[in-house]
1. Do we find a residue being in a helix (DSSP H, G or I) and either at pLDDT below 95 or loosely packed, with under 10 Cβ neighbours inside 10 Å (or both) anywhere in region 9-17?
2. Determine if region 26-34 includes at least one residue that is within 25 Å of the chain's Cα centre (by Cα) and not hydrophobic (A, V, I, L, M, F, W, C).
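The values are calculated or read from the model by the stated rules, or taken from the named source; none is laboratory data. Here the structure is a predicted model, which is why all the values come from computation and not from measurement. Ideal geometry is used to build each Cβ from the backbone, glycine not excepted, and the neighbour counts take in all protein chains shown.
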Amino acid sequence: MILGGKLSQIPTPPYNGPRMSAVQMEQLAERVERLLLRYEELQRTNALLAEQVEVLTHERDSLKSRLAAARSRVDALLERLPEIKSAA
């Protein structure tokens, strides 16, 4: 029944080990349900974080481009300044 019903379709060999009580089985089922909910929550969180990384990466690239343009303008202004010759 887990994972779209595919697990229940897998044949299992006979099991001769100790059996779980109904209480233990219920506790295990509850724990699995909690783990599945946590997994789904982590998937949503991961998707949001990946989106934030994409936004921040774009912002960083934009700022790097603006910085390069500003440096270029400063370099051009410095080229236009008259050279100061040291008195030697």
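1. Just the residues of region 9-17 that are in a helix (DSSP H, G or I), to begin with: 9.
Within this subset, residues satisfying the condition of being either at pLDDT below 95 or loosely packed, with under 10 Cβ neighbours inside 10 Å (or both) are 9.
Among the residues of region 9-17, at least one is in a helix (DSSP H, G or I) and either at pLDDT below 95 or loosely packed, with under 10 Cβ neighbours inside 10 Å (or both), which makes the answer yes.
2. Looking for residues that are within 25 Å of the chain's Cα centre (by Cα) and not hydrophobic (A, V, I, L, M, F, W, C), one finds at least one in region 26-34, hence yes.
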